[in-house]
Amino acid sequence: MYRYDEFDAAFVAERVAQFKDQVGRRLSGELTEEQFRPLRLMNGVYLQLHAYMLRIAIPYGTLSSRQVRKLAHIARRYDKGYGHFTTRQNIQFNWPALADCPAILSELASVEMHAIQTSGNDVRNITSDHFAGAAADEIEDPRPYCEILRQWSSLHPEFSFLPRKFKIAVTGAARDRAAVQVHDIGYQIVRNAQGEIGFACYVGGGLGRTPMVGHKIRDFVPKADLLAYTSAILSIYNLEGRRDNKFKARIKILVHEKGADVIRAEVEDEFARNRDQAVTLPQAEIDRIRAYFALPDLPERPARSTAFDARRAKDAAFARFVDQNVVAHKIKGYGIVTISLKPIGGIPGDATAEQLDAAADLAERYSQDEVRVAHEQNLVLPHVALDDLPALFDRLVEQQLATANVGLVTDIIACPGLDYCALATARSIPVAQRISERFGNGTRAREIGDLKINISGCINACGHHHVGHIGILGLEKKRVESYQITIGGSADERCALGEVTGPGFSSDEIVDAIETLVDTYLKIRTSREEDFLAAYRRVGMAPFKEALYERA
Amino acid sequence: MLQVVSANRLTDGTVVYLDPHGNWVERLETAAVFSNDAECGAGLEKARAAVAGNLVVDPFAVAIVEEAGERRAVSLRDAIRALGPTIQFGTSSAARR
């Protein structure tokens, strides 16, 4: 994985020293809150309902064991003993004191992490496929390009004060696990007719109050032009984005208002005009960064593991875990293991310090020292030998981290909602907990099969509800929580926004309503192979709506 | 309508309320209660002085009701601010607080 060079280390250390000084001046009264607020936000420090919140970037979702242990240490020493993984491959601590934030950032810098650009109208943490570098189906590991974009966009003098925040995702496979079409820019690694590898470019996707699916504005951006092309998009957006209206300031509104064809022409023109002056990526630099992400030296193993097969045959719990939480690795004899942070009735994405330490230990022992963070708010051990899976599973069971529900109805994405967030209009987490308890982890959940439920506690859509197969949006109606349901959303390569079913449901009604939708699906599906989304695409809204609103 | 004045403490962001003595306290039960907008306005004026004095940030008036000797915030948001998250988050026994 990427390691800071001297420049990176000095850059982050300087930033920590600068913020320490700024916090000191705020606490002494030299800076007013009005002066200080933008400075703290630039360093990831928000003020939420109960306390400050520190959002830390996990670039492209990749962590070493050492970094995970540091997060556990921060949780224990400076917070209440836990952290929350978000839908943007960040981790948030919910209770740090302002006075401690410089010390926390200093601790993070010691393991090559920071919170720079986790807020503000700049290029945010660049996200990627959590299986990157290990997935059997990828064309190339997208993370080197994320890292190149990250270095280029960090404190970029022209693009640090954009009309609004800007989110970029890069994926390396045809199967989109990084939701690239709902990002401001989504890059998908592709091969062109000549067999060269480059990027398809999507622009203007995003969720929030005005959800949009991105438009593909170019089929193929050569690797050498990645920064020049990104720069052209950002230049057009910087110039033309709606700075007059915060709610219309994202690039998706610009693309929507002007049309994708017009934006494409403008970007192409800007790209052609500045191509010679812009940063062309030298192959040597691409190679240098790619070397950091080289596949670990995984000893060759037989495709079949006797120990694995034997355990799978005799232990139903292990077999379920493998079926649900393990996928194919690009190297024979290995698997990619997802550690669900969605225990039945638990808080989606939360991990205690002990669980973080356990994940770090297991990664060190079984996964080449690597942990990934999925935007679905789970952890991933990307390089596990099948021979080691029985032992790993036993350790996960001991740590209560072996919930075998990845992709199932209980693998719910949920934002922090009104339990923490100053912007929220309703609670998300308790709804997720009740749905999880309703369906449990038995045969019923497995019978239902793949089903993504996403919950947001306000219109800003941090829980990505528009792209859940079932989406739940928490609103406040007449001072009471009300939950609006959408169905048919999807964040993958067949990206679609969900359709609103109709009037919202009270907190007391919402879990029954979700169960009604699931029962309706079970009745209408043609077979177990037809999942919820496929069934919805076949039959449309009508039977679901009828079941929901004629229930009473 | 009964109101109290709330804010977040500058140093750690903790939810605090203005009490009858002009101190900032963590419990809604010990906050100064204002029974009209004029009184509440005077409370907010004290809060603005506390902002200038770098004690608190983001002060605002919170509508409350008193029932059976108990106070609670009218809105769910303010009730959650007063009582903390409605969920039982996992924690570490070694955590500092």
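If I ask for residues that are within 14 Å of the chain's Cα centre (by Cα), in contact (Cβ under 8 Å) with a residue 24 or more places away in the chain and either loosely packed, with under 13 Cβ neighbours inside 10 Å or more than 14 Å from chain A (Cβ to nearest Cβ) (or both), which ones from the stretch B:30-54 would you list?
Within the stretch B:30-54, B:Ala31, B:Ala32, B:Val33, B:Phe34, B:Cys40, B:Gly43, B:Leu44, B:Lys46 meet the criteria.
Taking the stated definitions as given, is A:Arg150 surrounded by fewer than 22 Cβ atoms within 10 Å (Cβ to Cβ) and under 29 Å from A:Gly335 (Cα atoms)?
On the way: surrounded by fewer than 22 Cβ atoms within 10 Å (Cβ to Cβ): yes; under 29 Å from A:Gly335 (Cα atoms): yes.
For A:Arg150, the condition - surrounded by fewer than 22 Cβ atoms within 10 Å (Cβ to Cβ) and under 29 Å from A:Gly335 (Cα atoms) - is met.
Only residues that are of a type in the set (A, V, I, L, M, F, W, C), touching a helix residue (DSSP H, G or I) at 6+ places or on another chain (Cβ under 6 Å) and within 14 Å of another protein chain (Cβ to nearest Cβ): list them for the stretch A:1-38, please.
A:Val23, A:Leu31, A:Phe36
Of all residues in the stretch A:190-215, how many are free of Cβ contacts under 8 Å to residues at least 40 places away in the same chain and not in a loop (DSSP other than H, G, I, E, B)?
4
So that you can scan it fast, the table gives a plain yes or no per residue for (1) of a type in the set (A, V, I, L, M); (2) modelled with pLDDT under 95; (3) in contact with a Phe, Trp or Tyr (Cβ under 7 Å, 6 or more places away or on another chain):
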| site | (1), (2), (3) |
| --- | --- |
| A:Ile251 | yes, no, yes |
| A:Glu270 | no, no, no |
| A:Asp276 | no, yes, no |
| A:Pro299 | no, yes, no |
| A:Ala303 | yes, yes, no |
| A:Ala307 | yes, yes, no |
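Residue under question is A:Lys223, and the condition is that it be over 23 Å from A:Ile189 (Cα atoms) and touching an Asp or Glu at 6+ places or on another chain (Cβ under 9 Å); does it hold? First the steps, then the outcome.
Working: over 23 Å from A:Ile189 (Cα atoms): no; touching an Asp or Glu at 6+ places or on another chain (Cβ under 9 Å): yes.
It is false that A:Lys223 is over 23 Å from A:Ile189 (Cα atoms) and touching an Asp or Glu at 6+ places or on another chain (Cβ under 9 Å).
Could you say whether any residue in the stretch A:42-57 is assigned to a helix (DSSP H, G or I) and either in contact (Cβ under 8 Å) with a residue 24 or more places away in the chain or within 14 Å of chain B (Cβ to nearest Cβ) (or both)? Quick ask: steps written out before the conclusion?
Within the stretch A:42-57, the first condition is being assigned to a helix (DSSP H, G or I), and the residues that meet it are A:42.
The next check asks that each one be either in contact (Cβ under 8 Å) with a residue 24 or more places away in the chain or within 14 Å of chain B (Cβ to nearest Cβ) (or both); those that pass are A:42.
Within the stretch A:42-57 (the criterion being assigned to a helix (DSSP H, G or I) and either in contact (Cβ under 8 Å) with a residue 24 or more places away in the chain or within 14 Å of chain B (Cβ to nearest Cβ) (or both)), the answer is yes, since at least one residue qualifies.
Could you say which residue among A:Ala360, A:Ala317, A:Ala351 is among the small types (Gly, Ala, Ser) and either modelled with pLDDT under 95 or surrounded by fewer than 17 Cβ atoms within 10 Å (Cβ to Cβ) (or both)? Give the derivation first.
Values: A:Ala360 fails: either modelled with pLDDT under 95 or surrounded by fewer than 17 Cβ atoms within 10 Å (Cβ to Cβ) (or both); A:Ala351 fails: either modelled with pLDDT under 95 or surrounded by fewer than 17 Cβ atoms within 10 Å (Cβ to Cβ) (or both).
On inspection, the qualifying residue turns out to be A:Ala317.
Just checking, how many residues over the stretch A:478-496 are within 12 Å of another protein chain (Cβ to nearest Cβ) and either surrounded by 19 or more Cβ atoms within 10 Å (Cβ to Cβ) or outside any loop (DSSP other than H, G, I, E, B) (or both)? Step through it out loud before you land on a result.
Of the stretch A:478-496, the ones within 12 Å of another protein chain (Cβ to nearest Cβ) are A:478-482.
Filter once more, so that each one left must be either surrounded by 19 or more Cβ atoms within 10 Å (Cβ to Cβ) or outside any loop (DSSP other than H, G, I, E, B) (or both): A:480-482.
Residues flagged as within 12 Å of another protein chain (Cβ to nearest Cβ) and either surrounded by 19 or more Cβ atoms within 10 Å (Cβ to Cβ) or outside any loop (DSSP other than H, G, I, E, B) (or both) within the stretch A:478-496 amount to 3.
Could we say that A:Leu71 is at pLDDT 95 or above and closer than 15 Å to A:Met113 by Cβ here? Steps first, answer last, please.
Working: at pLDDT 95 or above: yes; closer than 15 Å to A:Met113 by Cβ: yes.
Yes.
Give me the residue from the stretch A:459-488 that is at pLDDT 95 or above and on the phi > 0 side of the Ramachandran plot and, out of that set, farthest from the chain's Cα centre (by Cα).
Only one residue tops the list, namely A:Gly488.
Residues to consider are A:Arg427, A:Arg444, A:Arg438, A:Arg395; find the one that is among the charged types (D, E, K, R), in contact (Cβ under 8 Å) with a residue 40 or more places away in the chain and surrounded by fewer than 24 Cβ atoms within 10 Å (Cβ to Cβ).
Numbers: A:Arg427 fails: surrounded by fewer than 24 Cβ atoms within 10 Å (Cβ to Cβ); A:Arg444 fails: in contact (Cβ under 8 Å) with a residue 40 or more places away in the chain; A:Arg395 fails: in contact (Cβ under 8 Å) with a residue 40 or more places away in the chain.
That would be A:Arg438, the only listed residue that is among the charged types (D, E, K, R), in contact (Cβ under 8 Å) with a residue 40 or more places away in the chain and surrounded by fewer than 24 Cβ atoms within 10 Å (Cβ to Cβ).
The values are calculated or read from the model by the stated rules, or taken from the named source; none is laboratory data. Please read these numbers as outputs of a predicted model, since none were measured by experiment. Ideal geometry is used to build each Cβ from the backbone, glycine not excepted, and the neighbour counts take in all protein chains shown.
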